[in-house]
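J.: I am attaching a structure below and will ask some questions about it afterwards.
Values quoted throughout were computed directly from the atomic coordinates according to the rules given, and no laboratory measurement underlies them. What you see is a predicted model; the values in this text were computed from it and never measured.
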Amino acid sequence: MMKVIRNDKRPIWQQLLDQAIHNITSGIWTPGKLLIPSRELAHMVGVSRSTIQIRL
């Protein structure tokens, strides 16, 4: 699961991008696996959908 740490010095989009890259390179997200829809992910991590769509 992806999460945002509000007191992290990195921007939210960078935190999410770093987590996505980690999930891909570590094999958590395997080829062909469906990703969570952007609306649902935005709701889960508490950010706007545009943050998810623009950066990821």
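J.: What list of ³J(HN,Hα) values in whole Hz, one per residue of the range 5-21 in order, does the Karplus curve 6.51 cos²θ - 1.76 cosθ + 1.60 (θ = phi - 60°) give from phi, with Gly and Pro shown as x?
T.: 9, 5, 8, 6, 6, 6, x, 4, 4, 5, 4, 5, 5, 4, 5, 5, 4
J.: Just one of (1) 35, 19, 17; (2) 57, 24, 14; (3) 31, 22, 17 is Cα extents along the principal axes in Å calculated from these coordinates, so which is it?
T.: (3)
J.: Using Cα pairs closer than 8 Å and at least 6 residues apart in sequence, work out the relative contact order for the chain, in percent.
T.: 38 percent
J.: Each residue of the range 32-44 in turn: what ³J(HN,Hα) in whole Hz from Karplus with 6.51, -1.76, 1.60 and θ = phi - 60°, glycine and Pro shown as x?
T.: With coefficients 6.51, -1.76 and 1.60, one gets x, 6, 6, 8, 5, x, 4, 5, 5, 5, 4, 5, 4 Hz.
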